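S.K.: If you scroll down you'll find the structure; I have some questions about it.
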Amino acid sequence: MTDPDQYKLIRRRLLTWFDRNARDLPWRHTQDPYAIWLSEIMLQQTQVETVRDYYTRFLNRLPTVHHFAKAPLDTILKLWEGLGYYTRARNAHKAAKQVTQEFGGEFPSTLEGLQQLSGVGRYTAGAIASIAFGVRAPIVDGNVVRILCRIFCLHGDPTTSSMQKRLWALASDLVPVKRPGDFNEAMMELGATVCHRQSPACELCPLKPMCRACQQGIQMDLPERVKRRPRPTVQVAVGVIYKRGRILIDKRPPEGLLGGLWEFPGGKKKSGESFRQALKREVREELDIEILVNKKLVVVDHAYTHFQVQLHVYVCEFVSGEPQCLACTDIKWVLPSQLARYAFPTANRKIFPVLLRG
DNA sequence: TAAACGTGGAG
DNA sequence: TCTCCAAGTTT
């Protein structure tokens, strides 16, 4: 069979399968480019089931790109709280402003136009163009990588530029003129529900007849695994600092890890230093205040992508000084009942129940 | 090019 | 408990 014939077969079988097996997802009930864009940003490196509720909440609260653009970043971050990769939220805010200010309130419909938006790369531009505008644009996400590597038996590290080039070229050849968005969604759907990383359900796969990896019985070995670096553990001292029933919280710098989120003050423990010493030092360095460190409240373990932290949380009493923003953007004294108004990282939120109970 | 960037679910 | 990894982008 020639390549074009095989491509036609793949398209037809995949779309037929998709028509019968597509999950009912909220963003599949709309044609609104804003809603499609929002879903695609949220779905970056994030599973469907995690995104569902966030997506619905966002659209109810910010029904148009104008609402999104006009909302304060703090509102966006509070809605995004817990979804992770907060750069996405900050970039989305910028992108919404771009749409309203530079594109006359309409999302661009071309790949080039879409990729000008903050947080929209090659994948997301292709997804929006094909799904919202019917453009014959390819996409390559983790699912597509897995499916293509298996169907065409592609060996080698899929993250290298040469392999990426092959994958994008294949995806580009495969995506049909008719229903390009459905085809792209179908590829991802197949990867998410059938062609799993471990234990792929080949018996349920519409592409089994043309899957070279399956024919050779090596589907589990493709795509080739990328070696990961070890994750170091960081020891952090955290203070819940009280002053007349209120707690001191600070806002992190706008860029970098957890940028723009609120947190309880603290910092890394140095070797040879106790947690209590570290806490007093960090609070002095970052806020220029003196505190009394009382009892240990809780120890929180949390894993990030590239390191793990152990938060040693202490109840503290404010002693003296006026808090300064030396390593943060904003400072507030809040009642425990008001904590929920602010966007906190998940590791910090793990402290809330202990706090409100005690 | 490689590293930074969150979180929750699955095995 | 631990490792992998999921609809990637930016620097």
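The values are calculated or read from the model by the stated rules, or taken from the named source; none is laboratory data. Keep in mind that what you see is a predicted model, and the values were worked out from it rather than measured. Using ideal geometry, Cβ is built from the backbone for each residue, glycine included, and neighbour counts are taken over all protein chains shown. Keep in mind that these areas ignore ligands, DNA and RNA; they rest on the heavy atoms of the full protein, side chains included. Shrake-Rupley method; radii C 1.70, N 1.55, O 1.52, S 1.80 Å.
S.K.: Just the number please: accessible area per residue for chain A, 1.4 Å probe, all protein chains included, in Å².
M.R.: 49 Å²
S.K.: Using alpha-carbon positions, what is the distance between the centroids of region A:176-213 and region A:314-347, in Å?
M.R.: Cα centres, region A:176-213 to region A:314-347: 48 Å.
S.K.: Right, next: Roll a 1.4 angstrom probe over the protein heavy atoms and tell me the percent of accessible area of region A:3-221 that is carbon or sulfur.
M.R.: The value for region A:3-221 is 49 percent carbon and sulfur by accessible area.
S.K.: In whole percent, what relative contact order does region A:269-353 give with Cα contacts below 8 Å and a gap of six or more residues?
M.R.: 27 percent
S.K.: Say the dipole of region A:162-256 comes from +1 at the beta carbon of Lys and Arg and -1 at that of Asp and Glu; which of A:MET187, A:LEU248, A:ILE218 then lies farthest toward its positive end?
M.R.: A:LEU248
S.K.: Under 5 Å between amide hydrogens, which residues at least 5 positions from A:VAL298 or on another chain qualify, with H placed 1.01 Å from N in the peptide plane?
M.R.: Amide H neighbours of A:VAL298: A:VAL313.
S.K.: So if we plug the beta-carbon distance of A:THR87 and A:THR16 into 1/(1 + (r/R0)^6) with R0 = 30 Å, what FRET efficiency do we get, rounded to 0.05?
M.R.: The calculated FRET efficiency here is 0.20.
S.K.: I would also like to ask the following. Hey, what do the phi angles of region A:257-268 turn into as Karplus ³J(HN,Hα) couplings, whole Hz, using 6.51/-1.76/1.60 and θ = phi - 60°, x for Gly and Pro?
M.R.: 3, 6, x, x, 8, 8, 7, 7, x, x, x, 5
S.K.: Leaving ligands, DNA and RNA out of it, report the carbon-plus-sulfur percent of the accessible area of region A:279-326 at a 1.4 Å probe.
M.R.: 50 percent
S.K.: Rounded if a/c is under 1.5, else prolate if a/b is larger than b/c, else oblate: which is region A:233-357, with a ≥ b ≥ c the root eigenvalues of its Cα gyration tensor?
M.R.: Rounded shape, in that the Cα axes give a/c under 1.5.
S.K.: In terms of solvent-accessible area of protein heavy atoms at a 1.4 angstrom probe, what is the ranking of A:VAL354, A:VAL175, highest value first?
M.R.: Heavy-atom accessible area, descending, gives A:VAL354, A:VAL175.
S.K.: Which aspartates and glutamates, on any chain, are close to A:LYS295 with Cα under 18 Å apart, when same-chain ones fewer than 8 places away are left out?
M.R.: Partners found: A:GLU273, A:GLU282, A:GLU317.
S.K.: Kindly provide the trypsin sites (Lys or Arg not before Pro) of region A:158-193 that DSSP labels as loop, not H, G, I, E or B, and whose Cβ sees at most 11 other Cβ atoms within 10 Å.
M.R.: Here the trypsin sites (Lys or Arg not before Pro) that fit, given the DSSP loop and packing criteria, are A:LYS178.
S.K.: For chain A, what's the radius of gyration and Dmax over Cα atoms, in angstrom?
M.R.: In order Rg, Dmax, the Cα atoms of chain A give 24.3, 80 Å.
S.K.: What number, in percent, do you get for the relative contact order of chain A if the mean sequence gap of Cα pairs under 8 Å and at least 6 apart is divided by its residue count?
M.R.: Computed over chain A, the figure is 15 percent.
S.K.: Dipole size in debye (nearest 20) for chain A around its Cα centre, Lys and Arg Cβ +1, Asp and Glu Cβ -1?
M.R.: 700 debye
S.K.: Name the residue from A:LEU261, A:VAL51, A:VAL300 whose Cα lies farthest towards the positive end of the charge dipole of chain A, charges +1 on Cβ of Lys and Arg and -1 on Cβ of Asp and Glu.
M.R.: Projecting each Cα onto the dipole axis, the largest value belongs to A:VAL300.
S.K.: Let me ask something else about it. Going by the alpha-carbon gyration tensor, a ≥ b ≥ c the square roots of its eigenvalues, is region A:112-153 rounded (a/c under 1.5) or, if a/c is not under 1.5, prolate (a/b greater than b/c) versus oblate?
M.R.: It is prolate, given that a/c is not under 1.5 and a/b is the larger ratio.
S.K.: Using the Cα gyration tensor of region A:231-294, with a ≥ b ≥ c the square roots of its eigenvalues, what is the shape: rounded (a/c below 1.5), prolate (a/b larger than b/c) or oblate (neither)?
M.R.: Note, shape of region A:231-294 comes out oblate.
S.K.: Using 7 Å Cα-to-Cβ label points, what is the A:GLN235/A:ARG349 separation (nm, one decimal)?
M.R.: It works out to 2.9 nm between the two label points.
S.K.: Let me ask you something else. Would you kindly give the portion of the calculated P(r) for region A:17-162 that falls above 28 Å, as a percent of all Cα pairs?
M.R.: Summing the P(r) tail past 28 Å for region A:17-162 gives 20 percent.
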